[in-house]
1. Regarding the range 774-784, can at least one residue be identified that is within 17 Å of E675 (Cβ to Cβ), modelled with pLDDT of 80 or more and either in contact with a Pro (Cβ under 6 Å, 6 or more places away or on another chain) or exposed (fewer than 13 other Cβ atoms within 10 Å of the Cβ) (or both)?
2. Criterion first (touching a Phe, Trp or Tyr at 6+ places or on another chain (Cβ under 8 Å) and either within 14 Å of ligand 1 (Cβ to nearest atom) or in a loop (DSSP other than H, G, I, E, B) (or both)) does R659 satisfy it?
3. Name the single residue, out of those in the range 643-664 being near ligand 2 (Cβ under 9 Å from one of its atoms) and among the hydrophobic types (A, V, I, L, M, F, W, C), that is surrounded by the fewest Cβ atoms within 10 Å (Cβ to Cβ).
4. Considering each residue of the range 330-363, count those that are more than 19 Å from G532 (Cβ to Cβ), assigned to a loop (DSSP other than H, G, I, E, B) and open to solvent by 10 Å² or more (accessible area, probe 1.4 Å), and give that number.
5. Can you name the condition, by its number, that H640 falls short on among (1) touching a residue at least 60 places away in the same chain (Cβ under 8 Å); (2) open to solvent by less than 60 Å² (accessible area, probe 1.4 Å); (3) closer than 30 Å to Q602 by Cα?
6. Residues to consider are S605, S598; find the one that is away from ligand 1 (no atom under 16 Å from the Cβ), at pLDDT 90 or above and either farther than 23 Å from L494 by Cβ or open to solvent by 60 Å² or more (accessible area, probe 1.4 Å) (or both).
7. Is it the case, given these coordinates, that I629 is at pLDDT 90 or above, more than 16 Å from ligand 1 (Cβ to nearest atom) and in contact with a Leu (Cβ under 9 Å, 6 or more places away or on another chain)?
8. Being over 53 Å from the mean Cα position of the chain (by Cα) and open to solvent by less than 30 Å² (accessible area, probe 1.4 Å): is that true of L708 here?
Amino acid sequence: MQGPILGNVRGIINRMWKSRVVKTLIGIGLIGFALDFFFPVPTNVPYSTLIAARDGSILHAFLSRDDKWRMYAELDEITPTLRDAILFKEDKYFRYHLGFNPVAMLRATFRNLLKGRRTSGASTITMQTVRLLEPRERTYGSKFIELLRAIQLELHYSKDEILQLYLNLIPYGSNIEGLKSASLLYFGKPPVLLSLAEITTLTIIPNRPSSLRLGERNALVVQERNRWLTRFRTANLFNETTITDAIDEPLTVRRRAAPQLAPHLSRRLRASFPGEPVIHATLRPAVQATAERIVQNYANRIRALGVHNAAVLVVDNQTQEVVSYVGSANFNDVYDGGQVDGVRAVRSPGSALKPLLYGLAFDAGFITPKTKLADVPTNFAGYEPDNYDRRFNGPVTAEFALGNSLNLPAVALLHEIGVTPFIATLRRASFSTIKKQAKGLGLSMILGGCGVTLEEMTRLYVGFANNGEVKPLQFRMAVDATLSPKKQTGVPILSPAAAYLVTYTLTQITRPDLPNNFDNSYHLPRIAWKTGTSYGRRDAWSIGYNQRYTIGVWVGNFSGAGVAELSGANTATPLLFQLFNALDDNSSNGWFRNPKGSAALQLSSRLICPETGDIPGEFCPNPVTDYFIMGVSRYRRCQHRKAVFTNAAGTISYCAHCRPDSGSVRRSYPNLAPEVAAFYQSSHVPFERIPPHNPVCERIFGGSEGPLITSLNEGSEYFINPKQPAEMELGCQAANDVQEVYWYLNDKLYRKALPTQTVFFRPRPGRLKISCADDKGRHSDMHVVVKNE
Ligand SMILES: [Zn+2]
Ligand SMILES: [Zn+2]
């Protein structure tokens, strides 16, 4: 049954194949494909790069590669009103034709023959687009190529895309191209906000750009505009009221400068996303404008001091989005390096990394807020840090030490935590310069001996505000919802409990890094903040946060010049306070609460002895409350005093070996660390001493003598090579009940050691007093002189 039907079909195909018409059509088709393949439409137009704010407004515009203001309007910026007006005016049948309009072409050809000259009018929007893409001399040959190009364009692009391309290329005179450029540069607003009168104005200029000059021949422009509005009325294109309003609307137009907000971030985004015509930044335009104004005013005020630059970063803590980015006080200030991006410049952090170290010490269980730390002169294997004001406070609480930015306790904590683990944490928090410097860094890094950027520091503090979790900052609006910052996993660097303790400590306002006279000049915002001042007073930092924002402030000179008056407290903090007061006065977001984590990491409170911060012991009568992290914070009985057996007069102490049967008295004495005892002694602070040990005790050789220093000779001179000073040896002989000895160089504790251990030090020229004390409080001294060879 199927045989005859199949046969018929074959017959038809055979006959068609032999037909010339079909062969010709296939031939044309193949040539068309080949032409299309080898001569694609050149739609790759160099656009101006636009940096948009989160609300779509344009923050910054750059000239295109070929120095044009050719701004890219996105599809949703072409409103129905704009589309209807432009189609009515230029190409009524745009929706229906295939790139050319045969009726209009025939009509135009007829007219041309009749009048003997060429008139326009036959060009569709598609053909005009082709001409804008590839300008050609106006000959019949070019017309034919343009026709083919128009068909090609229609085959590759949708009608909306062709209209978009057309609107983005139409000329407005000078170097302005495209309706969006004209809209922004003449009316100061994006296309979606244009009124019908403004739209009509912008649709008539491209036809006569030389006679209808905007801002110069406005009367003529209004006349022409209203002629078209009247035509729109006749055609019933818009309702009557809209037309009447448009005709009555005055023409307020002037040439404006292209928007130039956020110059540093705009350059950064353009470099990161090359070729993208519109980049949507996360900035809030109002916040950005406010921050730029405040920074510039502030920089003008401190210029007299010799401080010329400042940079500010404002981050939304919930989304990690950068809402303001001020790279320098004045981008256009060539003399002071205004184009340098202070957000990314590598600088010394001063003390601004200390909060992270204290957080890590909370998490390691080493300290709680009221743990006593020794702020006394200490020698860390040859490194003897000083305090900012060159004074020492003796034993202080951890919260006081952080709040007052004391150096010795911070270095001691870093010594305890370890430089390597500290660097590892900073690497996990994406500190890139520290990652590169890692091998060369030592204990001094906690006082600023390392390189950081304002961006890295602000991101770290955003982490403090987010339960100790550091996430990448967002500079560009998420294109894809799955990449939204809320879904990105962060790097936990502190437990929520430790982060809370850091916040709690940095919120206390009884601290010295408030600006001078701040009571009179500033309203104090409710924030947690920390300052930093780098060595040589080159960098002033103040970074603060509340629930809503983290603001990082850096003030200094890009040239690196130090200024005597520069400090985190007096130079950076006033700017930080001003910014918080302007951007988030009376924050409605509330304050940080004690976090609820897994039971093991919960923050709770306990009674401690204020002398040490440890659990009260036998001799601790006045306990106070302190925070602690359950299962983490060290549990240690306080030993701030210890029991000692003495004679009734309290002039001789006994050990278990020599305690007389006839009777003794049990008393308590301060149990001071040797470096603290040494500090009290040198600063003449009186303290109760344990009476000398029973002289007739058989357990001790040598009576009340201290250890015998055996390595050097009393009164001798020692010569060193100043270029490569060799290390010198310290050794001693101590009594057999001695567990530990303490070596002092010029009355500063140098090292704790076993009595049998050899200790090395690197001498410096000058008089040197060497002391060795044992753990029974006896000591001996030796004096030598060190000279250069
Ligand atoms: Zn105690
Ligand atoms: Zn004894």
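The values are calculated or read from the model by the stated rules, or taken from the named source; none is laboratory data. Keep in mind it's a predicted model, so treat the numbers as computed, not measured. Cβ coordinates were reconstructed from backbone atoms using ideal geometry, including for glycine residues, and neighbour counts include every protein chain displayed. Surface accessibility is based on the protein's heavy atoms, side chains included, excluding ligands, DNA and RNA. Shrake-Rupley method; radii C 1.70, N 1.55, O 1.52, S 1.80 Å.
1. Within the range 774-784 (the criterion being within 17 Å of E675 (Cβ to Cβ), modelled with pLDDT of 80 or more and either in contact with a Pro (Cβ under 6 Å, 6 or more places away or on another chain) or exposed (fewer than 13 other Cβ atoms within 10 Å of the Cβ) (or both)), the answer is yes, since at least one residue qualifies.
2. Numbers: touching a Phe, Trp or Tyr at 6+ places or on another chain (Cβ under 8 Å): yes; either within 14 Å of ligand 1 (Cβ to nearest atom) or in a loop (DSSP other than H, G, I, E, B) (or both): yes.
Against the criterion (touching a Phe, Trp or Tyr at 6+ places or on another chain (Cβ under 8 Å) and either within 14 Å of ligand 1 (Cβ to nearest atom) or in a loop (DSSP other than H, G, I, E, B) (or both)), R659 qualifies.
3. Checked the range 643-664; the qualifying residue surrounded by the fewest Cβ atoms within 10 Å (Cβ to Cβ) is A656.
4. Filtering the range 330-363 for residues more than 19 Å from G532 (Cβ to Cβ) gives 330-341, 362-363.
Those left that are additionally assigned to a loop (DSSP other than H, G, I, E, B): 330-341.
Checking which are open to solvent by 10 Å² or more (accessible area, probe 1.4 Å) leaves us with 330-337, 339-341.
The number of residues fulfilling the criteria is 11.
5. Only one criterion in (1) touching a residue at least 60 places away in the same chain (Cβ under 8 Å); (2) open to solvent by less than 60 Å² (accessible area, probe 1.4 Å); (3) closer than 30 Å to Q602 by Cα is unmet by H640, namely (1).
6. On the way: S598 fails: at pLDDT 90 or above.
None of the other options fit; the residue is S605.
7. yes
8. Working: over 53 Å from the mean Cα position of the chain (by Cα): yes; open to solvent by less than 30 Å² (accessible area, probe 1.4 Å): no.
Spelling it out, it is not the case that L708 is over 53 Å from the mean Cα position of the chain (by Cα) and open to solvent by less than 30 Å² (accessible area, probe 1.4 Å).
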